[in-house]
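Any read-out appearing in this document is the output of simple, stated calculations on the displayed coordinates, not a laboratory observation. Not measured: the values here are computed from a predicted model. Cβ placement follows ideal geometry from the backbone for every residue including glycine, while neighbour counts extend to all protein chains displayed.
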């Protein structure tokens, strides 16, 4: 049986009891003022009671609050509000929460009462300020329903809404969904309270792991998403390979613990060669092989040969078996060939790979030839095995240099000033960033540079400004000013001339 859980929220927004009166027209505190008959002695001490019950077409303000009830402490006087100055936020001070644990019926009756707090022994009805009975319908959700009651004694403004407790959903708050990630399930809840499996899980309660893509779920499975654990008798990344019978040699399986023999193999472990002749070709010297039984054979030898494999030759050298000038020698087992240089093998028919010993030095490339080899040497080396150093300076590789020096496996150029690179063919710009104060830089023919200074400047880089005022040429107290490569005298009153003389 599904259990429901939620709560009814009422948020007071404002109260306006302009005259400070009770429901029966009396003042909350003290008698009326004798001059204007107004309640000016003291303000009401206003608090609230709320009763929530089933829907009633004709509301009765008495009786049980079957859905629940609530109350507040004293919230204010005659006029107060819980709205912020901007009106977009309401204080929680006037909030009443009534929890319920039944299927919310959508329709309800709400009785809101404002009371005056008094320590006297007056009956409760005498302290009632205002009462509002409201019937309506509401589904659980975040939006508020604002209710305004312009009562005869006081104006009440409040808002209500119904909310489901955490993990409860639906229009009756009786649909429960609690997210979990454990043995009993791996899921979260959507806004409607439906189960949504976490990534890697599936099934009614999201308890079934989604195995590695391609995993054979007949022969394997998983308890953790993304894995593929094979059942007994199966193997492989996707559990699609059966395990053959232990010891199976030349066989396969389509179901575990079988050994289905390949062609020409037999026996329980497929280790018996049914075609020994075709597999091993044991008969030599033109002998004919005959399969006699598994792993057994007989050789029918041609005339002049004998032995299990026809390996024994009678007068073996008569047929000149040694090729490429090899010399034949008869031995008890047949013959042996003494091969000339460049050839090898039982009959000297195999060209010897002279490059196997890497005869080419200095990174040279070896090319195997009949009865020999050839080395392709790098440019700096020569000779049959690339061990002779080539004098690269003979080709005059240095372009702008004092000299060329031959080195082992290379050369070195002694470059003129202003030139660089292995062959001294890169012109180095010595002028870059050297001359100052607007000077013009001139490169030398053999490298180097020269700064042609602007007027008024000297030095290798034109970094020194020439000061014609250093000798104090101006007379009679005149002030000297440097102007480019000259000067001008600023004379005292009553003096003139180039030097104020």
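For this structure, a couple of remarks:
- Residues 386, 393 in ascending order of nearby Cβ atoms (within 10 Å, fewest first): 393, 386.
- Here the spin labels are modelled as points 7 Å beyond Cα on the Cα-Cβ line, and at residue 422 and residue 64 they lie 10.6 nm apart.
- Inter-label distance, nm, simple model (7 Å from Cα along the C-beta direction), residue 466/residue 235: 9.7 nm
- Residue 407-residue 361 FRET efficiency (beta carbon distance; Förster radius 22 Å; 0.05 resolution): 0.85
- For residue 488 and residue 443, a Förster radius of 51 Å and the Cβ-Cβ distance give a FRET efficiency of 0.90, rounded to the nearest 0.05.
- Rounded if a/c under 1.5, otherwise prolate or oblate - the chain, Cα gyration tensor axes: oblate
- Sorted by Cβ neighbour density within 10 Å, fewest at the top, the residues 218, 210, 290, 162: 218, 290, 210, 162
- Förster-model FRET efficiency, 56 Å R0, residue 126 and residue 192, C-beta, rounded to 0.05: 0.65
- Once the chain from residue 262 to residue 79 is taken as fully extended at 0.36 nm per residue, the excess over their C-alpha distance is 55.8 nm.
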